[in-house]
Amino acid sequence: MADPRFFRRAGPFTLGALADRLGAQSGGAEVAFGGNPDLAVTDVGTIEDAGPSDICFFSDRNYAIAFAGTKAGACLTTPALAPLAPPGCTALIVKDPRTAFALAAHAFYPDDRPPVGAEPVFGSGVEIGSGAFVDTGVHVGAGARIGADAVIGAPVRIGENCRIGPNVTLARCLIGDRVILHPGVQVGQDGFGFVPGPSGLLKIPQLGRVLIESDVEIGANSCVDRGAMGDTVIGAGAKIDNLVHVGHNVRIGPHCVIVAQAGIAGSCRIGAGVLIGGQVAISDHLTVGDRAQIAGKSGLMRDVPAGDTVMGYPARPIRQFWRELATVTRLTKRDNKP
Amino acid sequence: MADPRFFRRAGPFTLGALADRLGAQSGGAEVAFGGNPDLAVTDVGTIEDAGPSDICFFSDRNYAIAFAGTKAGACLTTPALAPLAPPGCTALIVKDPRTAFALAAHAFYPDDRPPVGAEPVFGSGVEIGSGAFVDTGVHVGAGARIGADAVIGAPVRIGENCRIGPNVTLARCLIGDRVILHPGVQVGQDGFGFVPGPSGLLKIPQLGRVLIESDVEIGANSCVDRGAMGDTVIGAGAKIDNLVHVGHNVRIGPHCVIVAQAGIAGSCRIGAGVLIGGQVAISDHLTVGDRAQIAGKSGLMRDVPAGDTVMGYPARPIRQFWRELATVTRLTKRDNKP
Amino acid sequence: MADPRFFRRAGPFTLGALADRLGAQSGGAEVAFGGNPDLAVTDVGTIEDAGPSDICFFSDRNYAIAFAGTKAGACLTTPALAPLAPPGCTALIVKDPRTAFALAAHAFYPDDRPPVGAEPVFGSGVEIGSGAFVDTGVHVGAGARIGADAVIGAPVRIGENCRIGPNVTLARCLIGDRVILHPGVQVGQDGFGFVPGPSGLLKIPQLGRVLIESDVEIGANSCVDRGAMGDTVIGAGAKIDNLVHVGHNVRIGPHCVIVAQAGIAGSCRIGAGVLIGGQVAISDHLTVGDRAQIAGKSGLMRDVPAGDTVMGYPARPIRQFWRELATVTRLTKRDNKP
């Protein structure tokens, strides 16, 4: 599933070879009865997007309906869940499907360097600062300016009239037009994903990209991780302040405003026109509806409906937050009366 | 008003030409009855500092007294507020003065690159690290050390015996003596200012500077934005830790201590000798008095008088914070008794 | 005590010469009656690790037992505490021992540049990115990759098969094998330590190192300060996310997970396998036991026993946090009933 411009894929492996390899690394892996060990597996994928020559994993009954419809040719799963595999999907039975999947991803993507491409291509009027490094395969659109000592990894695409600040690092990303990245912005590095492994925590290969749509602005020293599977997306016209963290697979809608030092954990869905205050923290996998507002320094632990305003830690409707604070203040005054 | 060493100004424009241009971009702009459309306007400015050939904006009755005394030759304002323009100040009537002002600033400052200057000037004993880039017009004082791969934009001034760390970026700033900037510090990039524009959010040109006084120390990967109009100032002897955010037009007094990951939003006034704990957030436009102390992780939403200590989210006097917490703990214990 | 590979030491000074110098800078310093002013002092040290030719400081009765056992040849202390000096340790009597100690450290370490070493040494298969700077005395282990525009200060040691990202800065650190540092990581800069000085805040020389053990991963734009005296340590297999702050002399055990934007203040002891959520703040000098969990956005102000889970600001046992929140919500609803 990984974009072959950005990731070097090994394989294919037969299902039997994968079983041998993963079994040796993680304590046993067995092709389900009746499965074809000679099936050629070419890539890892998710339940949703894997195809007949891909392998996915299934470890959580909450995804049973999606799993019933998977087109994956093979699936890492547990003995208990293996009977749920639909016809055409061979179960590869393991103890811990997530760990086995991470090991499989390492097998298919053993080299974390992007492929070497052709000479970089520059549109008219591009300016490249002193000491900036532009790797092979990069395209830079007309009128773009790359700051001094910026590092543009292979084979990033940058649109027209962008301003990439000094000391910025870009990797595995596609960038629209008129995007402004201030100094020290880091885009496209590995997301933060680990599973328990044979010896300590095992890194889950991060095989997605970052898509930054047109007219986005990102403040100094902010960080946008690339997706694990699938992409991290910053919607058109979004404005992001300094020192903001955007985790892997986050999708930010168009025209959002995200104030300094906010952090959005992995796989969140942020709607259009959302306002996120400074130092807000948003837990992983949450959904924030269009035009919602999150007051500064809030800690979001639940979804927010479109148009709502929330505040607090944990964040709750803003009127409730202020009322509860008033209650505490009143009770404290009463109890401390002489 | 912008420092011509740092910003390239276009114009002048006649008031009539400005009206045509802004009107086309934002849905109508009209010189008030009796106003002179041939007035030559040379720059944008604030109500306070604009002169007879400058244009300011007025959109908020709270500033009516200041507006009555403005020396601006012209002013973007609404039909309702236009009658308040003092003699000598021609109203240019628009629907949204702030948006029109941002558009006017774009007209006067269409090129965000600093002017090209003469060869950089280095005092005796200056050391420049490998890969560091020092742009035209820069002055570096005697004994200063510039780290490897640092980027010093045109035409920054650096005082004597400063230590500028590796991978630092400096732009549009004036720096005193004996200043220490640790690696990855970003100074002088655009502040975070936007208004609703014809298509999405419109960037407000950031036309101020950063002034860092002598004996300041700033920790790794901290960010100090330059002012929008006027300057961001870090007072003499202030010590700032890692990953701190200082917004545009913030003024920090001398000898403050600001602990890691604190964030100070735009236009705050921080007194002398203030102590700001780690991960504190300070909302925009607040004033913190001399020697005040803000406990770590507080969220400041009101001014703090000189000498006070506050804590909490929102921050309140520290005794009140602890008392309120004790009340909640006590009531919870009482209600959970068997 | 400072590692001579990383720090240039001046001296030795006789105790009398030190007394003259510190006295002039800080308002008086006197060798205790019977002390030998000709004692040659070669270095500064702590009560615990100073030897017969070193000088330490003692200003807090809580450390009286440790002080009784010190092997230091001399000690900066107050008139009131001087009688507690053990035999063999000459008191150098000052008004403020901490400030005098900082001044003494400046005397021994007047030059904050690392010593110049031999040509860097590279293991087989090392890759160095464009514009990266590797200073003298650096060792880079086999198979390591140094990103473009990274800066490796003298004389850092990097183990085998490490990945050092672009725009990283390393100073005064020793790094194990298979360590991954993402772009913009800053390691080994000065910690945040000051004392009141003759004119404003006086910097305490930061004379320790950073030790990063094998299999550690650190996210983009995170910062790890070096120790003041002694080292900052990141234990084997620890995984640290983006924009995290690790203060001086923090010791993080093996296999910890630290989520984005968390901050750990100076001298904390974090056990093995601890989970620290995003935007957590941990006050200085705290101890967190093995396998403890700190919920995201908590503010830790007390030690946490091994295995406990805490949440809130200030952090408390997680059940207590949720109960207290429920109490507030219930009382608020009751009082706002029609």
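Laboratory data are not the source of any read-out in this text; all were calculated from the coordinates shown. Quick caveat, the model's predicted, so the values are computed rather than measured. With ideal geometry, Cβ positions are generated from the backbone for all residues, glycine too; neighbour counts draw on all protein chains shown.
Observations
- Residue C:136 paired with residue A:5, simple spin-label distance in nm, labels 7 Å along Cα-to-beta-carbon: 4.6
- The H on the amide N of residue C:151, modeled in the peptide plane, is under 5 Å from the matching H of C:133, C:168, C:169, C:170, each at least 5 residues off or on a different chain.
- Between residue A:303 and residue B:302, the modelled label-to-label distance comes to 3.7 nm, taking each label 7 Å out from Cα in the direction of the beta carbon.
- Dimensions in Å of segment C:245-309 - Rg and Dmax from alpha carbons: 9.8, 25
- Choice from A:261, A:189, A:320 showing the highest fluctuation, given a GNM over chain A with Cα pairs closer than 10 Å: A:320
- R0 of 30 Å, Cβ-Cβ distance residue B:113-residue B:20: FRET efficiency to nearest 0.05: 0.65
- The mean count of C-beta atoms from other chains within 10 Å of the C-beta of residues in A:220-228, rounded to a whole number, is 6.
- All Cα pairs of segment B:83-147, percent lying beyond 17 Å: 65
- Reciprocal of mean inverse Cα separation for chain A (Kirkwood radius, Å): 21.8
- Using the alpha carbons alone, the radius of gyration of segment A:99-190 stands to its Kirkwood radius in an Rg to Rh ratio of 1.06.
- Taken about its Cα centre, the protein assembly as shown carries a charge dipole of about 3400 debye when Lys and Arg each add +1 at the Cβ and Asp and Glu each add -1 at the Cβ.
- Which of B:204, C:55, A:128 has the fewest Cβ neighbours within 10 Å, and the rest in rising order: A:128, B:204, C:55
- In segment C:15-115, chymotrypsin sites (Phe, Trp or Tyr not before Pro) in a DSSP loop with at most 12 other beta-carbon atoms within 10 Å: C:33
- 5 angstrom amide H check on residue C:117, placed H, neighbours 5+ away: C:136, C:137
- For segment B:110-121, the Karplus equation 6.51 cos²θ - 1.76 cosθ + 1.60, evaluated at θ = phi - 60°, returns couplings of x, 10, 8, 7, x, x, 6, x, 7, 4, x, 10 Hz by residue, with Gly and Pro reported as x.
- Computed [θ] at 222 nm, helices only, for chain C once each DSSP H run of length n ≥ 4 contributes -39500 (n - 2.57): -4500 deg cm²/dmol
- Cβ-based charge dipole, chain C, positive-most Cα from C:193, C:47, C:90: C:193
- A viscosity of 0.890 mPa s and a temperature of 25 °C, combined with the Kirkwood radius over Cα pairs in Stokes-Einstein, give a translational diffusion coefficient for segment A:193-271 of 191 µm²/s.
- Top of A:17, A:91, A:292 by mean-square fluctuation, Gaussian network on chain A, Cα under 10 Å: A:17
- Pairs from A:239/A:297; A:95/A:203; B:239/B:297; B:333/C:333 whose Cα-Cα separation, in the structure shown, is over 23 Å: none
- Bridge type composition, the protein assembly as shown - antiparallel percent by DSSP, nearest 5: 15
- Cα shape, the protein assembly as shown, gyration tensor, a/c 1.5 rule: rounded
- Distance between segment C:40-91 and segment B:287-313 - C-alpha centres, whole angstrom: 38
- Distances in nm from residue B:306 to the matching label points in the other copies, shortest first (labels 7 Å along Cα to Cβ): 5.3, 5.3
- The packing ranking, built from the mean of other Cβ atoms within 10 Å per residue, places the peptides A:3-16, B:241-254 in the order B:241-254, A:3-16, highest first.
- Across segment C:1-122, the mean sequence separation of Cα contacts (distance under 8 Å, 6 or more residues apart), normalised by length, yields a relative contact order of 29 percent.
- Equivalent ellipsoid, segment C:1-126 (semi-axes from 5 times Cα gyration tensor eigenvalues, Å): 31, 16, 12
- Going by neighbour counts of Cβ atoms within 10 Å, the residues A:138, C:126 line up, fewest first, as C:126, A:138.
- Rounded to 5, the percent of DSSP beta bridges in chain A classed as antiparallel: 15
- If the chain linking residue A:194 and residue A:320 were pulled fully straight, counting 0.36 nm for each residue of separation and taking away their Cα-Cα distance, it would gain 41.7 nm.
- Relative contact order %, chain B, counting alpha carbon pairs below 8 Å whose residues are six or more apart: 8
- Amide H contacts under 5 Å for residue A:316: A:311, restricted to partners 5 or more places along the chain or on a different chain, H placed in the peptide plane at 1.01 Å from N.
- Per residue of peptide A:260-269, the mean number of Cβ atoms on other chains within 10 Å of the residue Cβ is 5.
- For segment C:171-319, convex hull volume per residue from C-alpha positions, Å³: 94
- Relative packing of peptides C:151-161, B:37-47 - highest average C-beta neighbours within 10 Å first: C:151-161, B:37-47
- Ascending distances from the residue B:27 label point to its copies in the other chains, with the point 7 Å along the Cα-to-beta-carbon line: 6.5, 6.5 nm.
- Look at the stretch A:312-320: the mean tally of other chain Cβ atoms within 10 Å of its residues' Cβ atoms is 3.
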